[in-house]
Every structure is written in structure tokens, then in C-alpha cells.
Amino acid sequence: MLSPNVIPVSKGVDVRLGVRENWKQFSLLVLINAFVGSMVGAERVVLPLLAEQEFGLVSRVAILSFIVSFGLTKAFANLFAGRMSDRLGRKRVLVAGWLFALPIPLLIFFAPSWQWIVLANILLGLNQGLCWSTTVIMKIDLVGPKHRGFAMGLNEAAGYLAVSLAALGSGYLAGRFGLRSAPLWIGAISGVMGLLLSAAFVKESLHHVRHEATTKQMSEESLAFWSVFWQTSWSNRALFSVTQAGMINNLNDGMAWGLLPLYFASHGLSLKQVSILGALYPAVWGITQLGTGALSDRLGRKGLIASGMFVQGASIIGLVITGGFFRWALCGMLLGVGTAMVYPALLAAIGDVAHPSWRASSVGVYRLWRDCGYALGALLAGALADALGMAWAIAGVGMLTVLSGTVVLFVMYETNPASLSRIVRSTDLEVKK
């Protein structure tokens, strides 16, 4: 007789939900997501400096145009990844995403004009949208409802630790061999390894979705795509709160990616110092997520998301009202902590609310809006920097982040089933007393 967490989906195949039950595939997907993160980390420090020093761009909007192309492309690739992974399977979408990564290092290395850099970042957006979305969806498939926060913490930790290490490595390579060397070597190795691992060793996870769907209410099983889009974007209070917080989170990350290297360099910091600051924020973000994801399984999603947005906003404003390498390093560390509080809890909340049959599509819609934040952040920060100066642009993004946390605080409801059960038990105990 089968145990409750095992169900035969085809002859000779048993499906189990859980991290331990699927540790080999889960670990492989964590490693693959590290290669996804290193693709974008290779660009994080050098491209804004490349725009100024080699292509002679002066306008902040023009410099940040590569983030706009990246963000918009990634946003719609997320939507496509969520929908197509439901129809075609997760693995096919993952492999397709890696194929888009292969030309990126060569386009940047041989680019004769800034338009080539923009084109490379369109391909990077496709790679990140298809691959990162799919690794997220597959981990949610594998672990089941009990450990989503923990799973998302590991996923995002691997991705953003890789972003940090690649950013630090790119600064070293840029200082020694030139600004174009980092995207070439780091990007090429990451792209080839990601493709080989995905094509040869990753297994399809749709069986796990079908198993989990049997534990949900039948009335929730089928939703048309536009119903999923509307629920995730607006009509469900929790999903709306998560979506707008994700968008503002990536809006401030887009500002940090495109504007902060220029801001630090304008205050006399060396390339080495700028690289350290550029790597510190995603490093703390990545490491801290190892704890905050699991913490959201115990304490709930809403409190971590709201407080994390407040910490982010305060640390961004702190970059403007303080000065000097060590104070900026402290603000960067706090920004990493705040982002770590938010990121895995946002993804886990989507998994809490969405039915397994339309969860991948809901994740795709959430990531569509979230990664539009990159484009909005680049445009907003660039326009404010050109009009008022970089300090005003940074502070404005910080205040917008605080406002987003306020929306979560007053609009979102708690989504974690374990947290809700504890609340109910505590209430029952109070009533009995």
C-alpha cells in the first residue's frame, strides 16, 4: 500500500513530494540556478562603466537602456515560461532558455556600438526569464506545500550568491584584462555548463504537479489564462500585494544595478571598491535567504515582506544621507538583508495561493510584473538623475520602496497555511481560557 505522499502516475513511476525525497534533482536545480545568476552577475559592475568609458555615453537614461531592454524582455519571457511550462513541460523551456545565453558573451566582447550591448541584454532577458522562472517552478513542484519558503530561499540564495561572486570576479577581470573580459569568460562558462546540465540531467517535474493537484479542491482546478492574469495582478489581495512588492523590489534593484556603480565612482571610489560594493549587496542577499525562506515557513509571509520593504527603503535612502566606502558598505548590507526578507517569501506566497494546475502561469504573471520593475527602475532613475542628479534619483526610489511596504502591511492577508493554523490554534486557546 502506498504512503500518503506517494502516487503512481504511470507504470513503474512513483512520485514523492519533499526536499529529501527529491534531493538529487533539487540540488541539481540549485546548481543550475547558480549558473543563471552568474550570467547576469558578470555584467553587474562593468556595463555601466563600459557605457561611459568606451562608448562615451553621458545621459543616464541612455546608459541604463541596457537594463530597460533586459527587464522588458525578461518580464515577457517569464510570462511565456510559466504558460509554456504548463503546456510543454518544464525541461523544454529550461533548455531553450540556455540556448539564448550562448551568443551573449561574444556580442559584448566584439560590440562595435552600444546597440550590440542592448541586443545582448535582450538575449540575457530571454535566458533569465526562461531559466530562472523554470528552476523556481520546478522546485515548487518538487517540494510540496510544507517547505516552499525553504526551497525558494535555497533557490534565490544560489542565484544571488552567484550574482555576487560573478560581480566580484568581473571587477577583478576588468581591472586586469579590460572591461569586456568578464562577460566573455564568466558568461561563456556559465552558459555552456547550464545548457549541458539542463539537457543531460534534469528530469521533468510535471508528474509532481499532477500528484499535488489531487490534494486540492476540484472546484479550483481549472482557470482560463486571463482569469489567472487578473487574479495575480489585481483581484486577489494577497497576489496583488505580492506582485506590486515584487515590481518595486526589482525597480530598486534596477536602480542599484545601473546607477550605484556610477554614483560610487563619481565620489572617487576605485574600480576595486566599486566592485566590492556591487558584490556585497547580492552576497548578503543570497546568504541571508538561506534563513529567511525557512523563516517564512514558520512565521508567515506577510510580516517578512512588509518589514523587508521598509528595511530596503531605509537603506537606499541611507546611501544618500551618508558617505564613504564603509557607510555605503553598511547600507548595502542592510539592503541585502531587506531584499532577502522579501524575495523567497514573495515566491512562496504565490505557491500558497495558486492551485497547482495554474501555479506556473501565476508565477509567470507575477514575474512579468516583477521584472517590468527593472525597466521602470532604469527609466525612472535615469530620468531623475538627468533632471535632478543621482542623489535625488536614489532617494526617490527609496521612498517608493517604503510606500510599497505600506501597501503590503494594509492590503495583504497571510497566505502560509502553517502560520494560519497556528493563529487559529492560538485563538482557540484564548477562547477556551
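For the reader, a short list of remarks on this structure follows.
Residue-by-condition table, conditions (1) at pLDDT below 90; (2) buried (at least 20 other Cβ atoms within 10 Å of the Cβ):
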residue	(1), (2)
3	yes, no
15	yes, yes
27	no, no
39	no, yes
44	yes, yes
67	no, yes
86	yes, yes
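- Residue satisfying condition, being under 30 Å from residue 303 (Cβ atoms), of a type in the set (A, V, I, L, M) and modelled with pLDDT of 90 or more, within set 161, 99: 161
- One residue from 375, 391, 387 being buried (at least 18 other Cβ atoms within 10 Å of the Cβ) and either touching a strand residue (DSSP E or B) at 6+ places or on another chain (Cβ under 7 Å) or among the aliphatic types (A, V, I, L, M) (or both): 375
- Odd one out for residue 401, checked against (1) polar (S, T, N, Q); (2) at pLDDT 95 or above; (3) more than 22 Å from residue 304 (Cα to Cα): (3)
- Odd one out for residue 279 among (1) more than 26 Å from residue 94 (Cβ to Cβ); (2) among the hydrophobic types (A, V, I, L, M, F, W, C); (3) buried (at least 23 other Cβ atoms within 10 Å of the Cβ); (4) at pLDDT 95 or above: (4)
- Taking each residue of the stretch 195-222 that is within 17 Å of residue 354 (Cα to Cα) and looking for partners that are assigned to a helix (DSSP H, G or I) and at pLDDT below 75 with beta-carbon atoms closer than 7 Å, six or more apart or interchain, yields 221/213.
Residue by residue, here is whether (1) surrounded by 24 or more Cβ atoms within 10 Å (Cβ to Cβ); (2) touching a Gly at 6+ places or on another chain (Cβ under 6 Å); (3) among the polar types (S, T, N, Q) holds:
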residue: 285; (1), (2), (3): yes, yes, no
residue: 312; (1), (2), (3): yes, yes, yes
residue: 317; (1), (2), (3): no, yes, no
residue: 341; (1), (2), (3): yes, yes, no
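- Residue within the stretch 364-376 that is among the hydrophobic types (A, V, I, L, M, F, W, C) and more than 21 Å from residue 130 (Cβ to Cβ) present: yes
- Test: residue in the stretch 208-217 that is at pLDDT 95 or above, over 26 Å from residue 385 (Cα atoms) and either surrounded by fewer than 17 Cβ atoms within 10 Å (Cβ to Cβ) or within 17 Å of the chain's Cα centre (by Cα) (or both): no
- Matching option when the condition is buried (at least 20 other Cβ atoms within 10 Å of the Cβ) and in a helix (DSSP H, G or I), among 124, 99: 124
- Among the candidates 236, 249, residue that is of a type outside the set (A, V, I, L, M, F, W, C) and surrounded by 24 or more Cβ atoms within 10 Å (Cβ to Cβ): 249
- Only one entry of 171, 187 meets the criterion of being at pLDDT 90 or above and under 23 Å from the mean Cα position of the chain (by Cα), and that entry is 187.
- Test for residue 254: is it under 26 Å from residue 126 (Cβ atoms), within 18 Å of the chain's Cα centre (by Cα) and either of a type outside the set (D, E, K, R) or part of a helix (DSSP H, G or I) (or both): yes
The values are calculated or read from the model by the stated rules, or taken from the named source; none is laboratory data. Since the structure is predicted, the reported quantities are computational estimates derived from the model, not experimental observations. So basically every Cβ, Gly included, is an ideal-geometry build from the backbone, and we count neighbours across all protein chains shown.
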